[in-house]
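Every number here is computed from the coordinates shown, using simple stated rules; none is lab data. All of these numbers come straight from a predicted model, not from anything done at the bench. All Cβ positions, even for glycine, are placed from backbone atoms using ideal geometry, and neighbour counts span all protein chains on display.
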Amino acid sequence: MTTQLVQEQYNQWSEDYDSDENLTRDLDETTTKAILGTHSFNSMLEIGCGTGKNTNFFATISNHVLSMDFSEGMLEKAKRNIDNPHVSFTQTDLTEDWPTKSDGYELASCNLILEHIEDLNHIFEEAYRSLKIDGLFFISELHPFRQYTGTQANFNKDGVIERIPAYIHNVSEYLKLGQSVGFELLKMDEWKHEYDNKIYPRILTLLLKKKA
Ligand SMILES: C[S@@+](CC[C@H](N)C(=O)[O-])C[C@H]1O[C@@H](n2cnc3c(N)ncnc32)[C@H](O)[C@@H]1O
């Protein structure tokens, strides 16, 4: 039920997602380029691609990109935004089994999606299954410190603020899950936007590596 509401709300947000003022969306783009920009891959998975904000960048660091999302509206926008024969899109509910090859990808990237997923264990297990040994799992998410203050993904629909259902995942949850599923932590960072004047960070990033 909640998953369906998230899907419907992203369908509604899809037309304005790219043009709305959104410092978190913009900071995620910057941090992702900062962490992954020096890498190159043959094949990668984008977990929750939305309108394709990061997809063109991913296509510059990976020869093949498989981008998954469950919102028809967001995917339709992504297909309009991205014209690249090396990128494929698939409509997938990430809380179910993923249509991905096992041991098939060198990078999996999750950007601003995990706040909408209650059971992170499934996401970590599917990312682990899909990645090759030594493959990287990059996570860039709204920092839980910010969630503690009541912030969650929201958009303005005809003058009404729509808050999209969200779950808080503490930093320790990410770290423990990564370890239990079989990832090694390579890097963890906390990021603020240049316009942020609060003491707490806006985004948490983790770079994990699949161990044998
Ligand atoms: C805030 S947007 C982020 C999109 C993109 N990664 C970005 O950084 O702009 C969150 C995306 O997660 C997707 N999403 C949320 N829950 C999902 C689920 N269970 N399965 C697939 N996609 C989901 C939404 O449809 C939406 O496109």
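List of remarks:
- Relative contact order for the chain: 20 percent, from Cα pairs under 8 Å spaced at least 6 residues apart, divided by residue count.
- Simple rule: put +1 on each Lys or Arg Cβ and -1 on each Asp or Glu Cβ in the stretch 91-212, find the dipole, and look at PHE138, HIS116, VAL160; the Cα lying farthest toward the positive end is PHE138.
- Gain on full stretching of the segment that runs from GLU96 to THR38 - 0.36 nm per residue minus C-alpha separation: 17.7 nm
- Peptides 110-121, 10-21 ordered by packing proxy, namely the average of other Cβ atoms within 10 Å per residue, highest first: 110-121, 10-21.
- Toward the positive end of the charge dipole of the stretch 2-210, with +1 on the Cβ of Lys and Arg and -1 on the Cβ of Asp and Glu, the farthest Cα among GLN4, ASN56, MET188 is that of MET188.
- Taking a ≥ b ≥ c as the square roots of the eigenvalues of the alpha carbon gyration tensor, the chain is rounded, as a/c is under 1.5.
- About the Cα centre, charge dipole magnitude for the stretch 2-210 (Lys/Arg +1, Asp/Glu -1 at Cβ), debye: 580
- Summarising the amide proton neighbourhood of ILE117: residues at separation of 5 or more, or on other chains, whose placed amide H is nearer than 5 Å comprise TYR167.
- Exposure proxy for HIS64, HIS39: other Cβ atoms within 10 Å of each Cβ, ordered fewest to most, give HIS39, HIS64.
- In sequence order, the stretch 80-85 has phi-based couplings of 6, 6, 10, 10, 8, x Hz under the Karplus curve 6.51 cos²θ - 1.76 cosθ + 1.60, θ = phi - 60°, and Gly or Pro positions carry x.
- In terms of the mean number of neighbouring beta-carbon atoms within 10 Å, the peptides 24-30, 71-77 order highest first as 71-77, 24-30.
- Partners of LYS79 within straight-line reach, counting lysines whose Cα lies under 17 Å from its Cα and excluding those fewer than 8 residues away in the same chain: LYS53.
- The H on the amide N of PHE137, modeled in the peptide plane, is under 5 Å from the matching H of ALA108, LEU208, LYS209, LYS210, each at least 5 residues off or on a different chain.
- Straight-distance crosslink candidates among lysines, where the alpha carbon sits under 17 Å from LYS192 and sequence neighbours closer than 8 are dropped: LYS33
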